[in-house]
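**Student:** What follows is a structure written as structure tokens; I'll ask about it next.
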Amino acid sequence: MGRLKKSVSIKDIANTLNVSTTLVSFVLNGKAKQHRVNDELAKKVLEVANELGYKPNILAKSLRKGRTRSLGIVFTDISNPFFAHLAKYLEEAAEQFDYTVNFTSSDENVERMEKLLDSMFHRGVDGFIIVPCEGSETLISNLLENDIPAVLLDRNIPGLPIPYICLDNKKAGYEGTKHLIDEGFNEIGFIAYDMKLQHMYDRANGYRTAMEDAGLGENSCIQYVNFKNMEESCEAAVDYMLQ
């Protein structure tokens, strides 16, 4: 997987070539001939800019002020009613502080998440709110290493020193199961995504613990469903547990 990096600046190109930033700016803005920059040097500036991965920022005017007052928000599935509802409140909260938001969806795919983060980063967002997907640990670590502001939402990644907002998922799994037990049910199934995500582990552990505490450990039944084939896999899981 690639790594997000801080944007290459005109100064980086100038330092590489040992020329002035003004000269580099002339070339990158198509004004080399107007300011009598020779063709060979202009070509070299463009080559180095390409080699370093320079990308002109379309929000340069805002960035000169240091901030664009925009946030990149990456959900896993924006069609999910939970995230759609949450988006409304995030947008309202951002508006109170005169920020705009850019919503995207990773579809639980880390390669797609990387492309989305890279695209929004180079459009100049001030920071990210991210619902991390499976396998995104390295990508999130890279944000931290590059001092890119980010907060995780709904899910956390143990071991990474990054702020996050989410439920106590083990407690939620426990209390949800205990409620059903208190209502007189003793054959309770649990359905979760088939993913190596901490919040899923925590919810399942809460479920198991509640069943064991009630002396129903032998009745525990956990079925895992495929996010990419949700309807069919959920039907299969429910059918299995009802047998």
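**Student:** Could you give me the radius of gyration and the Dmax of region 110-243, taking only the C-alpha atoms into account and expressing both in angstrom?
**Tutor:** Reported Rg and Dmax, both Å: 18.1, 55.
**Student:** Still on this structure, I have one more. Given region 46-174, what percent of its DSSP beta bridges are antiparallel, to the nearest 5?
**Tutor:** The antiparallel proportion sits near 0 percent.
**Student:** A further question follows. Starting from the amide H of Gly127, placed 1.01 Å from N in the peptide plane, find each other amide H under 5 Å away whose residue is 5 or more places distant or on another chain.
**Tutor:** Gly72
**Student:** So how do 196-204, 90-98 stack up, highest first, on mean other-Cβ count within 10 Å?
**Tutor:** Descending packing order for the listed peptides: 196-204, 90-98.
**Student:** Could you derive backbone 3J(HN,Hα) for region 8-20 from the dihedral phi with the Karplus parameters 6.51, -1.76 and 1.60 (θ = phi - 60°), listing whole Hz in sequence and x where the residue is Gly or Pro?
**Tutor:** Once θ is set to phi - 60°, the couplings for region 8-20 become 6, 9, 4, 4, 4, 5, 4, 5, 5, 9, 6, 10, 7 Hz.
**Student:** Same structure, new question: Per the Cauchy relation, a quarter of the hull surface: what is the mean projected area of the convex hull of the alpha carbons in region 102-160, in nm²?
**Tutor:** 3.8
**Student:** Something else: Under 5 Å between amide hydrogens, which residues at least 5 positions from Val225 or on another chain qualify, with H placed 1.01 Å from N in the peptide plane?
**Tutor:** Ala192, Tyr193, Asp194
**Student:** Roughly what percent of Cα-Cα pairs across the chain reach past 26 Å?
**Tutor:** When all Cα pairs of the chain are counted, 55 percent exceed 26 Å.
**Student:** Now, a different point. Going highest first, how would you order 29-37, 70-78 by mean Cβ packing within 10 Å?
**Tutor:** Put in order of decreasing packing, that is 70-78, 29-37.
**Student:** Could you derive backbone 3J(HN,Hα) for region 197-203 from the dihedral phi with the Karplus parameters 6.51, -1.76 and 1.60 (θ = phi - 60°), listing whole Hz in sequence and x where the residue is Gly or Pro?
**Tutor:** In residue order, the calculated couplings are 10, 4, 5, 6, 4, 5, 5 Hz.
**Student:** Which pairs break 23 Å Cα to Cα here: Lys170/Lys228; Lys11/Lys33; Lys11/Lys43; Lys171/Lys228?
**Tutor:** In this structure, Lys170/Lys228; Lys171/Lys228 lie more than 23 Å apart at Cα.
**Student:** With all pairs of different alpha carbon atoms counted, what Kirkwood hydrodynamic radius in Å does region 29-172 show?
**Tutor:** Computed over Cα pairs of region 29-172, the Kirkwood hydrodynamic radius comes out at 17.4 Å.
**Student:** Shifting gears a bit: Report the gain in length on full extension from Thr138 to Asn38: 0.36 nm times residue separation, minus Cα-Cα distance, nm rounded to one decimal.
**Tutor:** Taking Thr138 through Asn38 to full extension adds about 31.6 nm, to one decimal.
**Student:** Sticking with this structure for a sec: Quote to one decimal, in nm, the extra length available between Leu17 and Leu160 on full extension: 0.36 nm per residue of separation minus the C-alpha distance between them.
**Tutor:** This chain segment gains 47.7 nm when fully extended.
No lab work stands behind these numbers, since they all come straight from the coordinates. What you are looking at is a predicted structure, and each value in this text was computed from that prediction instead of being measured. Quick reminder, even Gly has a Cβ in these numbers, built from the backbone with ideal geometry, and neighbours come from all protein chains shown.
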